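Right, one structure below, let's go through it.
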Amino acid sequence: MDLGIAGRRAAVAAASQGLGYAVAAALAAEGVQVAICSRRRDAIDAAAARIGESAVPLVADVSTVDGALDFVRQADGALGGIDILVTNAGGPPPGTFESIDIDQYESAFSLNCLGAIAMCKETVPAMQQRGWGRVVAVTSIAVRQPIPNLILSNTARAGLTAFLKTLATEVAPDGVTVNSLQPGLHATERLRNLHGDGNLDDVAAAIPARMVGDPADFGAFAAFLCSDHAKFVTGTAINIDGGRSPVV
């Protein structure tokens with residue numbers, strides 16, 4: 001299927017590996033120019049080399065508002081504009097209500113909420129003016145059902161989801177769609193590292209689909225949300241988790 005986005009320009013945050021990389025690679029395969037970022041020059045250069053000539057590697061730390069703005073401004077300059085924004089970031093430290101100090105919430109919101117809002121604030125108005133744009137945020141299944149011992153991530157990502165839904169309704173008349181993806185367990189480098197030998201059979205056994213997600217499939221789904229075919233899909237928060245999340 002031709003997604004109709006060849007020649008578009010995308011900024012994909014935190015894309016040196018994992019799901020961010022998978023999304024950037026999928027968009028590039030559709031003919032999209034992609035600006036990708038990481039905090040490490042060597043990591044992002046290696047990722048861009050794997051994607052190919054359509055990838056522009058940038059160094060930025062999207063865990064802060066200033067860093068997030070720096071990334072999209074660099075991307076806009078390198079690409080000549082941004083038609084597609086994919087927000088993505090790692091998670092804050094684990095913890096509970098009892099163990100987490102109040103000042104830790106500020107950095108968690110910066111990482112998993114305010115940074116994405118800043119990127120939208122910087123890029124979406126130009127999309128509205130052009131009459132076409134796509135925003136896809138990579139969040140977590142914790143938005144649908146909070147995960148024990150992850151109170152910071154649960155709280156910050158839920159706030160971002162509410163922002164995205166509100167933004168979607170405001171910019172829909174301008175041809176801009178805004179959606180979020182809530183990934184479950186995927187076979188990323190991080191998950192394999194957490195399981196020592198890289199064997200994920202025990203993880204798969206706990207998922208109704210009896211498999212761990214393939215990052216390439218996740219990337220392909222995200223690319224579809226950025227397509228012309230998905231122009232009527234906006235304001236959604238879609239879990240991609242093999243049936244692991246309860247219906248709420």
(Q) Of everything in region 50-79, what is more than 17 Å from the chain's Cα centre (by Cα) and in a loop (DSSP other than H, G, I, E, B)? Give them in sequence order. (A) GLY52, GLU53, SER54
**Q.** Evaluation of VAL12 against (1) without any contact (Cβ under 8 Å) to a residue 60 or more places away in the chain; (2) of a type outside the set (D, E, K, R); (3) within 11 Å of VAL86 (Cα to Cα) (one fails), failing number
**A.** (1)
Q.
Among the numbered criteria (1) more than 25 Å from GLY18 (Cα to Cα); (2) modelled with pLDDT under 95; (3) aliphatic (A, V, I, L, M), which one does VAL171 miss?
A. (2)
(Q) Suppose the filter is among the small types (Gly, Ala, Ser), assigned to a strand (DSSP E or B) and crowded, with 24+ Cβ neighbours inside 10 Å; does ALA14 pass it? (A) no
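Residues are listed down the side, and each one gets a yes or a no for (1) modelled with pLDDT of 85 or more; (2) among the hydroxyl-bearing types (Ser, Thr, Tyr); (3) within 16 Å of VAL176 (Cβ to Cβ):
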site	(1), (2), (3)
ILE207	no, no, no
PRO215	yes, no, no
PHE218	yes, no, no
LEU225	yes, no, yes
ALA237	yes, no, no
PRO246	no, no, no
Q) How many residues are touching a Pro at 6+ places or on another chain (Cβ under 8 Å) and free of Cβ contacts under 8 Å to residues at least 40 places away in the same chain when one looks only at region 114-157? A) 1
Q | Residues of region 109-134 that turn out to be of a type outside the set (Asp, Glu), assigned to a helix (DSSP H, G or I) and touching a Lys or Arg at 6+ places or on another chain (Cβ under 9 Å), as a count | A | 3
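The values are calculated or read from the model by the stated rules, or taken from the named source; none is laboratory data. It should be emphasised that the depicted structure is a prediction, and the values quoted were computed from it without experimental measurement. As a convention, Cβ positions derive from the backbone with ideal geometry for all residues, glycine included, and neighbour counts pool all protein chains shown.
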